[in-house]
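S.K.: First the structure, which I've put down as structure tokens, then a few questions once you've had a look.
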Amino acid sequence: MGRAASRAHAFAARIGVTTSIWQAPMAGAQGAALAIAVARGGGLGALPSALFTVDALRAEVAAFRAATPAPLNMNFFCHAAPVVDDAREAAWRARLAPLYAELRVEAPTGAAPARAPFDGALCGVVEDVKPEVVSFHLGLPSEALLARVKATGAFVVSSATTVAEGKALAARGVDAIIAQGFEAGGHRGTFLDVTHAALAMQIGTFALVPQLVDAVDVPIIAAGGIGDGRGIAAALMLGASAVQLGTAYLACPEATVSDVHRRALDAARAQPASFETALTNVFTGRPARGIVNRAMRALGPLSTDAPAFPLAGGALTTLRARTEATGDFAPQWAGQAAPLSVAMPAEALTRMLAAAADEHLATA
Ligand SMILES: Cc1cc2nc3c(=O)[nH]c(=O)nc-3n(C[C@H](O)[C@H](O)[C@H](O)COP(=O)(O)O)c2cc1C
């Protein structure tokens, strides 16, 4: 066995799984069904918490625990709870006014879908259910909360989108770091410099992974644009100890994406030449990669008017409801490798990807 394969096998054994594949936690796009299927295929299943209530999250964990003895990754966002800025909210609604008029909808009065930052209540869930892995996105929680998580014995990871972020995470004592390249679908895990100027300087998975491997002493999990066995093998060859795949799992029947999102992913596979994603903040206020649609074209894809995360989405709710059939104003998160995805059950997909990666590593 070569160096890359033996590093990956040793790391998988440490986590308690049989492949190098971590299923990315994907808030709004999956629950326990996807995590269970990936776990049965030998990968690390994940449950995102950002869009679940505490009770719903406990129910998802219970479903996972009832279905499989495999380890579980519970995932939490670590953003600061937003403060409403009336002037920005007014500017954002002024940008949207022509769209409200055109589509004959009211400006919404309700709030954006809640995305709970990690707090004492969620930490209580971790202490109760003791997931084997706890992953954070958008940085790390306070020292006190992090100490409580570590005291449960969980293997703690967080995402870095730059070398500086990787070093900052290592200094806080994480057990491993997810190297999230520019290609990745969903929200950027960026936490040190969230300006649009810094975003333009971010780097791709292929450049980020080896630099992080050199910069820190903890294992690196490569994420972003990895869509098949070739990509997994390449990431392991670059020094990663495992890979985290999100978009590759969106086409699985276990993913809970909308019909319109699923059709867009089908179209990506059928016509890769016309598939486009971009980083946008118009849906939540934080940059995230999604399939280009009308909202992104009309308002961004990056807008300095968008209110802070996750408030930006509040002003879009009536437009979203009116255009449900087309998905013109709903986020359809996906990474750049979506055309490589295969629509098949997640257990079989995990086995297929792992076998393909092994073959590439064996014959490289
Ligand atoms: C639909 C979707 C939702 C996501 N939600 C989360 C999330 O809740 N928490 C998180 O840490 N990462 C989230 N991500 C980012 C993934 O963890 C990961 O970085 C990304 O999927 C890797 O790139 P790929 O999509 O090209 O595989 C999401 C990604 C997608 C595609």
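S.K.: Please work out which residue is nearest to the ligand (Cβ to nearest atom), limiting yourself to the stretch 55-82 and to residues that are modelled with pLDDT under 95, within 22 Å of Gly186 (Cβ to Cβ) and assigned to a helix (DSSP H, G or I).
M.R.: Step by step, filter the stretch 55-82, then rank; the result is Leu57.
S.K.: May I ask you to verify whether Arg172 is among the basic types (Lys, Arg) and either touching a Ser or Thr at 6+ places or on another chain (Cβ under 7 Å) or free of Cβ contacts under 8 Å to residues at least 12 places away in the same chain (or both)?
M.R.: No, not satisfied.
S.K.: Looking at Ala337, Ala308, which is the one that is closer than 20 Å to Ala248 by Cα and among the aliphatic types (A, V, I, L, M)?
M.R.: Being closer than 20 Å to Ala248 by Cα and among the aliphatic types (A, V, I, L, M) holds for just one of Ala337, Ala308, which is Ala337.
S.K.: Moving on to the next point. Looking only at the stretch 1-46, which residues are among the β-branched types (Val, Ile, Thr) and either over 23 Å from Phe76 (Cα atoms) or in a helix (DSSP H, G or I) (or both)?
M.R.: Within the stretch 1-46, Ile15, Thr18, Thr19, Ile36, Val38 qualify.
S.K.: Being under 28 Å from Glu143 (Cα atoms) and within 16 Å of the ligand (Cβ to nearest atom) is the filter here; which residues of the stretch 185-206 pass it?
M.R.: Gly186, His187, Arg188, Gly189, Thr190, Phe191, Val194, Leu199, Gln202
S.K.: Looking at Glu106, Glu89, Glu127, can you tell me which residue is surrounded by fewer than 23 Cβ atoms within 10 Å (Cβ to Cβ), of a type in the set (D, E, K, R) and outside any helix (DSSP H, G or I)?
M.R.: Going through Glu106, Glu89, Glu127 in turn, the sole match is Glu106.
S.K.: Could you tell me which numbered condition Leu34 fails, if it satisfies all but one of (1) touching a helix residue (DSSP H, G or I) at 6+ places or on another chain (Cβ under 9 Å); (2) surrounded by fewer than 22 Cβ atoms within 10 Å (Cβ to Cβ)?
M.R.: The failed condition is (2).
S.K.: Kindly check whether there is at least one residue in the stretch 135-145 that is without any contact (Cβ under 8 Å) to a residue 60 or more places away in the chain and either closer than 22 Å to Ile221 by Cα or within 16 Å of the ligand (Cβ to nearest atom) (or both).
M.R.: No, because not a single residue in the stretch 135-145 is without any contact (Cβ under 8 Å) to a residue 60 or more places away in the chain and either closer than 22 Å to Ile221 by Cα or within 16 Å of the ligand (Cβ to nearest atom) (or both).
S.K.: Do you know which residues across the stretch 321-343 are more than 16 Å from the ligand (Cβ to nearest atom) and either outside any helix (DSSP H, G or I) or surrounded by 22 or more Cβ atoms within 10 Å (Cβ to Cβ) (or both)?
M.R.: Listed by number, the residues that qualify are Thr323, Glu324, Ala325, Thr326, Asp328, Phe329.
S.K.: Now for a different question. Quick check, is Arg351 in contact with a Gly (Cβ under 6 Å, 6 or more places away or on another chain), within 13 Å of the ligand (Cβ to nearest atom) and either more than 28 Å from Gln23 (Cβ to Cβ) or not hydroxyl-bearing (Ser, Thr, Tyr) (or both)?
M.R.: no
S.K.: Only residues that are among the hydroxyl-bearing types (Ser, Thr, Tyr) and surrounded by 23 or more Cβ atoms within 10 Å (Cβ to Cβ): list them for the stretch 1-31, please.
M.R.: Residues satisfying the conditions are Thr19, Ser20.
Conditions tested, residue by residue: (1) crowded, with 21+ Cβ neighbours inside 10 Å; (2) out of contact with any helix residue (DSSP H, G or I) (no Cβ under 8 Å at 6 or more places or on another chain); (3) under 27 Å from Ala268 (Cα atoms).
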site: Ala164; (1), (2), (3): no, yes, no
site: Ala198; (1), (2), (3): no, yes, no
site: Pro210; (1), (2), (3): no, yes, no
site: Gly225; (1), (2), (3): yes, no, yes
site: Arg230; (1), (2), (3): no, no, yes
site: Ala242; (1), (2), (3): yes, no, yes
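S.K.: Look through Ser49, Ser20 and report the one residue that is in contact with a Phe, Trp or Tyr (Cβ under 6 Å, 6 or more places away or on another chain) and either of a type in the set (D, E, K, R) or touching a residue at least 12 places away in the same chain (Cβ under 8 Å) (or both).
M.R.: When all the criteria are applied, what remains is Ser49.
S.K.: Here is a further query. Please name all residue pairs, on different chains or six or more residues apart, with Cβ atoms under 7 Å, provided the first residue is in the stretch 183-211 and is in contact (Cβ under 8 Å) with a residue 12 or more places away in the chain and the second residue is acidic (Asp, Glu).
M.R.: Phe191/Glu165; Leu192/Glu165; Gly204/Glu183; Thr205/Glu183
S.K.: So Thr318 ticks every box in (1) away from the ligand (no atom under 16 Å from the Cβ); (2) outside any helix (DSSP H, G or I) but one. Which box is left unticked?
M.R.: (2)
S.K.: If only one of Ala248, Ala255 is within 15 Å of the ligand (Cβ to nearest atom), in contact with a Phe, Trp or Tyr (Cβ under 9 Å, 6 or more places away or on another chain) and outside any strand (DSSP E or B), which one is it?
M.R.: Criteria check complete, one pass: Ala255.
S.K.: Taking Ile220 and the conditions (1) within 16 Å of the ligand (Cβ to nearest atom); (2) within 18 Å of Gly185 (Cβ to Cβ), which numbered condition does it fall short on, given that it satisfies the others?
M.R.: Answer for Ile220: the failing condition is (2).
S.K.: So, one more: Could you please find all residues in the stretch 23-46 being touching a Phe, Trp or Tyr at 6+ places or on another chain (Cβ under 8 Å) and more than 16 Å from the ligand (Cβ to nearest atom)?
M.R.: Ile36, Ala39, listed by residue number.
The values are calculated or read from the model by the stated rules, or taken from the named source; none is laboratory data. Just so it is clear, the model here is predicted, and its values are computed rather than measured. Using ideal geometry, Cβ is built from the backbone for each residue, glycine included, and neighbour counts are taken over all protein chains shown.
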